[in-house]
Each structure stands twice: as C-alpha cells, then as structure tokens.
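Contents: one structure, followed by commentary.
The values are calculated or read from the model by the stated rules, or taken from the named source; none is laboratory data. No experiment lies behind these values; they were computed from the predicted model shown. Cβ coordinates were reconstructed from backbone atoms using ideal geometry, including for glycine residues, and neighbour counts include every protein chain displayed.
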Amino acid sequence: MESISVFEIIKVGIGPSSSHTMGPWNAAEMFLNQIQRERSLDEVEEVFVEFFGSLAKTGIGHGTDIAGMLGLSGENFKEIDTTKIDEKVAMIKDSQRMNLGGQKEIPFIYGHHLILNKQVTLPFHPNGMIFKAKFTDGSMIEQDYYSVGGGFVATQEEVGIDTICVRTLYPCHHGSQVLHYTEKLGIGFSDLVYLNEESWRTKEETDAEALAIWKHIKECIYKGVNKEGILPGGLQVSRRAAGLNRKLLGDKTYQTIDEWYQMVVETEGSFTLINKWVACFALAVNEENASFGRIITAPTNGASGVIPAVLMYSQAFTEFTGDDKIIRFLLVAGEIGTLFKKNATISAAMGGCQAEVGVSSAMAAAGLTEIMGGTPAQVLMAAEIAMEHHLGLTCDPIAGLVQIPCIERNSMGAIKAITAAHIALESDPSKARVSLDQVIQSMWETAQSMSDRFKETSEGGLAIAVNIAEC
C-alpha cells in the first residue's frame, strides 16, 4: 500500500459533501488539466459532464451540479468567495454560457451539457461521472472519474491519490503495525506519525499545517455560532447553533473570535453545560457545511463536525491544552483515518454513514486519547470502541441534503468519541477482545453487505419515511 499523509485526510474543504461536491469539483479540475496536456482550452467547442448513480440521485441536494459547473469554470473551492456561489451559478444558467477554465467562453446549457443520470450506475463505483470535450476540429476526448470519498478522485486505470503518495519510513497500514513500530522504537503514537510525515514535509511545516487547520476550525465554529436563519435547499431546517450559543453564554457579549473563545473557556464546567457546548460546536460546523461554507474535511464533509467539536472540547474544558496537544491530536486522528481509507472506505456511497461519522468518531476518540496521556494501545482501543458503536449506520439523507439526519449525527459522533476515549483510558487494552483492525474489517464487510438503498441514494430509511422529494 502507498502511504497517505494525515493532511490528505484532514484538510480544508467546502460543503456540503466531500464525495458529492469536492470530488466532482476536483474531477472537473483534473479534466481541465487533461485538456491542457493533450490540446488547449482555446480549441474546445463544447464540454459535457454526466453524473451517474449516487452522484445523480442526491446530486441537487449535495450541490454536485454546482461543483461540476464551477470546477469547469476554473474556480478553486479553497479560495472561492462562498457568498458568491449562487450568483456565479445563476450567471451560467441564465446566460447559457461558461468561461471554461476562466479562459474561453463556450455555450453551456444546463440539462444538455450537464446531466444527472439517475437510471445508470457505472460499475467501478457508485459515484461515477464522465467528462467529454468536443474540439473545433470535431474530435473529442472523454474521461471517467469516480469520487471515492473525502474528496479523493480515481479513474478505472489509476487512483488519483497515488500520484501524491510516497512510502514512509515506518509504513502503518494497520493498527498492528502502529503497535509494532511504537514498541520497537519506544515512542508514542503521535511521535511515530511525526516521523512518517517527514516523507512529505519538515516537522516545522507539519506543525504549521496542523495549527492552520486549528485556526480554520475555530473560524468555522465561530461563523456557525453567529449565523441565524434557514439552511438552503427547501427543507426549511433552522440553524440551531447560534441560539444554543446565545443561551449558553447568557447576557455576555463579544466582538471577536478571541473574546468569544475566552468566554467559552470560562464557562462553568458542569457535565450538562459541557455536553451542550460539544453539541453546539458540532452543529455550528455542519450548519456551515450544509450552506456551502468552507469547513475542515475530516475525513469527509458529512462528518466534518466531529473532530472540531472534540478538539474544541479538549482545549476549552480539559487540562490538555496548547499548540503541542492540538498538533498531536490532529496527527493521530488523521493517521487513524488513513487506516480506514486504506482497508475499508470513507465513502458513504460505498459504506453508509458508518464510513463518515463512524470513521470521524474513531479518529476523534484516538486523537483525544493521545493528548490525554493514553498509550498507543489505548489510542487504538478508543478508535475501535467508537467505530464498534457506529457499525451499520446507514446514509439516508432526507431530500438528498446533508442536513437531516447528518447534522445531529455529528453531535452524537462527537459525544461517542469522548466517551470512547474515557473508557479506553480506564481500560487494559491487553484484555480487549476486539482490535481496531478487526473492527475495520467488520466495517468493510458490513458495507459490502448493506443494501444500496442505505448508501447515500435517498432510497431508504429516513429519506423515504419522511417522503420529501429531492430539493
């Protein structure tokens, strides 16, 4: 197996879905690059994109069509002004023109040049799409892409992530290998990750990247707790984080993110209030995600609230605080995510929500256990406990939106992660009957046996029980 950097698992993204928004957006960018390698954008007469399977079935609610259009327009989701997305999409639809790659204006008719094909699923993966470019001389190029979770994109011939992966000094593709190397070297889990991350960057660069992610996390939570109103999409779901934040702070006021953060830290530390704050943090992030906000994908967008909520909990309500703890939390959480990515899936279209909220809960539990003084065995045990109690969790979003039940599930995943960490810290891993490797294998077997109706298709569970057409 190729190694994966933790910063490919935990990274800056845009809502509402890593596999249904970021993946197609990345695929569009890859297709533009292919055109420029083989021909030039100036020679393009028309482009076509067709989304299949799960991408089509929940495409409108997840913004798959929007990602396709903006990606082909040359927009970067890490840099785009998210408040201008609706305006940019409306301009393409109304004018029936697109500025391909930001360089050449071509005709683009929604429903003709972009199609959501709900009747066909490509055999390689449920999240399939095909891009085509027609040139002025009548020739064409065509490429299929598959969004395999977490924003990663693959083709049938080549997995896109392989081009950015390297072999690390101490390859850790299974939990057993983590234990082997930490025992052999006499170091902690995060120390091992530090050593392996040097295959990509220096320790100083790793620290800077982790702290930049922490900055994004705080900013995202802060935005979420200060926005009222209704989430987009037609379900009329009200934002709740802002109201909860206001109740928890009482009559206190603030003007900056630092002032707000200090007030949270100074909150009374009762179990009930801390529990409400953890829920508030997770709700805030996922409400931002549901409204095309910029978030931290960890390991996916649908599960983007869990790690921020648990990391914020650790910094606001425990003694395990400071830059070093933040960095080590993220390193260990990210490494646990790579184990699921390599041995199972982080795609809800492949594995249901156990592959998203379940994995993120396991990641957060591991990160928290690490900074609270857990041994490598206890860290792995915490991840196992968290995932064990998410096995079989289905993906059944109502109306194809990352809102119900997705937003609340992140709060539940965060609480489970904290609970799993505390259980592991009070346990003897040598007496555990289930290992993390075994639970990952079980998760993958469960995913393969699960009906497709419960894998991000809006064809089962709550999605049909509530019976609302895709918005």
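A compact table of results
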item: Any chance Gly111 is out of contact with any Asp or Glu (no Cβ under 7 Å at 6 or more places or on another chain) and surrounded by 14 or more Cβ atoms within 10 Å (Cβ to Cβ); result: no
item: Unmet criterion (only one of (1) touching a Phe, Trp or Tyr at 6+ places or on another chain (Cβ under 6 Å); (2) without any contact (Cβ under 8 Å) to a residue 24 or more places away in the chain) for Ser451; result: (1)
item: Top-ranked residue in the range 410-439 [being in contact with a Gly (Cβ under 8 Å, 6 or more places away or on another chain) and either among the hydrophobic types (A, V, I, L, M, F, W, C) or under 19 Å from Ser19 (Cα atoms) (or both); ranked as surrounded by the most Cβ atoms within 10 Å (Cβ to Cβ)]; result: Ala414
item: Filter pass, Leu41 being closer than 20 Å to Gln143 by Cα, assigned by TED's automatic domain parsing to the domain that holds Ala154 and either out of contact with any helix residue (DSSP H, G or I) (no Cβ under 8 Å at 6 or more places or on another chain) or crowded, with 20+ Cβ neighbours inside 10 Å (or both); result: no
item: For Cys280: the one exception among (1) part of a helix (DSSP H, G or I); (2) in contact (Cβ under 8 Å) with a residue 60 or more places away in the chain; (3) crowded, with 24+ Cβ neighbours inside 10 Å; result: (2)
item: Spans of helices (runs of 4 or more DSSP H) in the range 381-471 with at least 1 residues touching a Cys at 6+ places or on another chain (Cβ under 7 Å); result: 406-425
item: Tabulated pairs, the range 179-197, first closer than 19 Å to Leu330 by Cα, second in a loop (DSSP other than H, G, I, E, B) and aromatic (Phe, Trp, Tyr), C-beta under 7 angstrom, 6+ apart or interchain; result: Leu192/Tyr170; Leu195/Tyr170; Asn196/Tyr170
item: Filter pass, Leu179 being within 16 Å of Thr338 (Cα to Cα), modelled with pLDDT of 95 or more, over 25 Å from the mean Cα position of the chain (by Cα) and part of a helix (DSSP H, G or I); result: yes
